[in-house]
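Written out below as structure tokens is the structure these notes cover.
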Amino acid sequence: MRESIIMKIHYGTALAAVALVAVHILMRLTQGFAESLEYDSVITNYKFLPYAGMLEIILILLSIHGFNGLRVILLELKQGKTYEKAVSYGCVVAMIALIGYGTRTIIMVNTGMT
Amino acid sequence: MAQTPSLAEESGSTPFSSSQSITLRIARYNPQHDSAKSFMEFQVPYEKWTTVLEAILEVKKHFDHSVAVRYSCRQATCGSCGMIINGKPRLACFTKISELNSNVITVEPMNNFPIIRDLAVKFERLFDTHHKIKPYLIRDDTEITTNTKEFLQSPEELEQYIQFSNCIKCGLCNSACPTMATDSSFVGPQALAQAYRYVADSRDKGKDNRLKIIDDSHGIWRCHFAGSCSQVCPKGVDPAMGIQLLRGYMLGFRS
Ligand code: HEM
Ligand code: SF4
Ligand code: FES
């Protein structure tokens with residue numbers, strides 16, 4: 001992929017994340033912070049599909065942004081054909097793995113596997 | 001029997017007849033047999049107008065002629081004498097001792113360039129990256145053929161790029177750039193500023209070509225807005241601004 005397209009995605013995901021994380025924080029302000037982290041409360045939130053969907057989107061946005069950022073840092077740290085290939089593919093794999101793991105949690109809650 | 005004259009006698013000139021003097025610390029390093037950089041200190045007299053380059057040449061003339069330094073024009077035009085002076089990349093011929101406000105002046109080779117010896121560094125990477133962005137007007141026709149006019153430009157069109165054409169390829173910006181320090185494939189602020197200089201020239205038709213060249217995993221996107229290039233440029237080129245203007249084309253804010 002062209003580097004300019006990757007960086008447009010990088011900036012775009014950052015901007016979208018600012019908006020969605022703001023909503024996420026506002027939602028969390030509806031109850032006390034400690035209360036918010038209680039088991040039942042977390043399960044309830046995940047079962048509220050519009051909110052769980054938004055969390056999923058934040059997860060995707062920040063995984064793309066964060067792992068691309070990591071790719072950039074690693075490419076600037078060391079150079080070499082094999083190394084750079086490994087970094088690029090490694091970051092994509094890690095990104096997919098993290099998104100998969102987070103998505104799995106939401107699906108497990110909503111299919112009653114908890 | 002005639003005696004071999006010492007260097008000082010041979011040159012026929014005497015050190016500056018000034019009452020003021022500074023300690024000039026010169027980095028010495030020969031990659032062929034030194035394992036690390038060391039410093040030699042010299043007491044050098046100076047006048048209000050004495051430049052760091054003149055002080056180094058005094059040292060070569062009267063104390064140690066083996067100090068390696070590159071220079072030519074002595075007037076901030078050839079771009080040869082870039083070095084780190086008291087921690088900052090500067091042109092030695094364009095930096096007066098009196099403006100440094102210090103009794104000790106330390107000169108070192110530029111960062112992010114391989115050292116040939118002492119203060120002289122290799123410029124191959126800078127020349128390569130400069131060449132890579134095609135630093136010339138690209139278009140099919142030419143003004144050299146007969147019966148054609150020269151390519152006219154309005155003052156406004158000239159204004160778009162003229163500041164960037166002041167670059168003397170001294171490399172101070174590349175020496176100051178933090179990305180250059182770790183990314184050995186980074187194209188660097190000097191070449192990026194020149195890419196802008198030609199892209200913004202109304203006579204040039206090579207914009208797409210050049211933007212493609214710098215749109216690489218070690219291209220323009222590896223600039224992280226540190227701005228140190230523009231801080232050290234002795235010619236007011238402002239590479240950091242050129243980079244942001246180029247990004248404007250690539251992000252669709254400019255056409
Ligand atoms: C939502 C607020 C955020 C905004 C507005 C934002 C914005 C940016 C921008 C503009 C860059 C490019 C900087 C550059 O090229 O110099 C960047 C880089 C980066 N971001 Fe974010 N980011 C945000 C959140 C995050 C989060 C939560 C993470 C971690 C998961 C993250 C990880 C990174 C990394 C690793 C880099 C690469 C480092 C760098 O280029 O300096 N960012 N971010
Ligand atoms: S942009 Fe300025 S600092 Fe960089 S090489 Fe050109 S003149 Fe020197
Ligand atoms: S000697 Fe030419 S720029 Fe300094």
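The values are calculated or read from the model by the stated rules, or taken from the named source; none is laboratory data. Please read these numbers as outputs of a predicted model, since none were measured by experiment. Positions of Cβ are generated from backbone atoms using ideal geometry, with glycine treated the same way; all protein chains shown enter the neighbour counts. Ligands, DNA and RNA are excluded from the accessible area calculation, which covers all protein heavy atoms including side chains. Shrake-Rupley method; radii C 1.70, N 1.55, O 1.52, S 1.80 Å.
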Quiz item: When A:Glu56 is evaluated against the numbered criteria (1) charged (D, E, K, R); (2) open to solvent by less than 40 Å² (accessible area, probe 1.4 Å); (3) within 14 Å of chain B (Cβ to nearest Cβ), which criterion, by number, is the only one it fails?
Solution: (3)
Quiz item: In segment B:184-216, what residues are assigned to a loop (DSSP other than H, G, I, E, B) and either under 28 Å from B:Tyr71 (Cα atoms) or away from every other protein chain (no Cβ under 12 Å) (or both)?
Solution: B:Ser184, B:Ser185, B:Phe186, B:Val187, B:Ala200, B:Asp201, B:Ser202, B:Arg203, B:Asp204, B:Lys205, B:Gly206
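Could you pull out the residue among B:Ile214, B:Ile138 that is more than 14 Å from ligand 2 (Cβ to nearest atom) and under 30 Å from B:Lys88 (Cα atoms)? Full working, then the answer.
Details: B:Ile138 fails: under 30 Å from B:Lys88 (Cα atoms).
Step by step, each of B:Ile214, B:Ile138 is checked, and only B:Ile214 is more than 14 Å from ligand 2 (Cβ to nearest atom) and under 30 Å from B:Lys88 (Cα atoms).
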Exercise. Answer yes or no as to whether A:Leu77 is at negative phi and open to solvent by 60 Å² or more (accessible area, probe 1.4 Å).
Key: yes
Quiz item: Is it true that B:Gln231 is away from ligand 1 (no atom under 16 Å from the Cβ) and open to solvent by less than 10 Å² (accessible area, probe 1.4 Å)?
Solution: no
Quiz item: So, in segment B:183-201, of the ones that are charged (D, E, K, R) and more than 16 Å from ligand 1 (Cβ to nearest atom), which residue ends up nearest to B:Cys233 (Cα to Cα)?
Solution: B:Arg197
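One line per residue, one yes/no per condition, for (1) in contact with a helix residue (DSSP H, G or I) (Cβ under 8 Å, 6 or more places away or on another chain); (2) at negative phi; (3) at pLDDT 95 or above:
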site: B:Thr142; (1), (2), (3): no, yes, no
site: B:Thr145; (1), (2), (3): no, yes, no
site: B:Phe151; (1), (2), (3): no, yes, no
site: B:Phe164; (1), (2), (3): yes, yes, yes
site: B:Cys170; (1), (2), (3): no, yes, yes
site: B:Asn174; (1), (2), (3): yes, yes, yes
site: B:Arg210; (1), (2), (3): yes, yes, yes
site: B:Arg222; (1), (2), (3): yes, yes, yes
site: B:Ala226; (1), (2), (3): yes, yes, yes
Self-check item: Residue that is surrounded by the most Cβ atoms within 10 Å (Cβ to Cβ) [pool: residues in segment B:102-123 that are of a type in the set (A, V, I, L, M, F, W, C) and not in a strand (DSSP E or B)]
Solution: B:Leu119
Exercise. Give me the pairs, please: first residue somewhere in segment B:123-145 and in the same structural domain as B:Lys212 (by TED's automatic domain parsing), second residue anywhere and open to solvent by 70 Å² or more (accessible area, probe 1.4 Å) and in a loop (DSSP other than H, G, I, E, B), beta-carbon distance under 6 Å, and either six or more positions apart or on two chains.
Key: B:Ile138/B:Lys205; B:Arg139/B:Lys205; B:Glu143/B:Glu150
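Hey, could you check segment B:158-183 for residues that are among the β-branched types (Val, Ile, Thr) and within 14 Å of chain A (Cβ to nearest Cβ) and say which is most open to solvent (accessible area, probe 1.4 Å)?
Per the stated criteria, the residue is B:Thr182.
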